[in-house]
Each structure stands twice: as C-alpha cells, then as structure tokens.
Amino acid sequence: MAADDLPSYEDMLVEALTDLNEPDGSAPKSLFTWMASRYPLHTNFRPSASQALQKAFKRGRLEKGSNGKYRLNASWDSGSVRIMALFYLVCIH
C-alpha cells in the first residue's frame with residue numbers, strides 16, 4: 001500500500017477503536033500497536049498519531065476516560081462540527 005493510499009491517522013485510530021472494541025476504551029499504546037500491525041507506517045509515526053489522537057479528542061470525535069483510555073464518542077456528528085466551523089469563519093470574517 002502506497003503512502004498516498006493510507007487513511008489519515010485519525011481514520012486509522014477510529015478503525016482501531018472499532019476493531020479492538022474494548023469496553024473501557026483503548027490505551028494510546030494499544031491503538032498505535034494496532035495501527036503499526038495493519039499499515040506500513042514509518043517507525044517514527046507515533047508523535048504524529050498522538051497529535052491526531054489529541055485533535056480527535058478535542059473535536060469531540062473521541063472520548064477519554066479517567067483511566068486515560070479512549071473510545072469513540074457515540075454522539076459525535078461530523079456535520080455539526082463542519083457547520084460550527086463555517087459559522088465561526090463567517091462570524092470572524
């Protein structure tokens with residue numbers, strides 16, 4: 001699989017969370033191990049994947065438990081995120 005054909009790190013993380021399906025969520029290390037076992041990633045992909053994990057959490061796509069593990073946010077709606085972003089841009093400019 002060529003690098004251009006790879007999904008985004010965020011999409012890989014969502015796929016990992018779906019596949020692992022751990023009831024208490026998944027630790028970042030487990031997610032990164034899953035990603036490296038499924039995709040031909042560079043050996044130093046973890047810092048970028050960690051940033052993608054934090055971004056997805058901040059945008060509300062993921063939830064983070066008090067145990068430090070992540071899970072998918074069942075109520076996440078990408079459409080409302082886009083609408084809020086557009087609203088923000090319109091109000092600012």
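Coordinate-derived values only; no laboratory data. Note that this is a predicted model, so its numbers are computed, not measured. Counting neighbours? That spans all protein chains shown, and the Cβs are built from the backbone with ideal geometry, glycine included.
Cβ under 11 Å from F57's Cβ, F57 left aside: what net charge do those residues give with Lys, Arg +1 and Asp, Glu -1?
+4
Which length gain, in nm to one decimal place, applies between S48 and L6 when the Cα-Cα distance is subtracted from 0.36 nm times their residue separation?
That works out to 13.7 nm of additional length.
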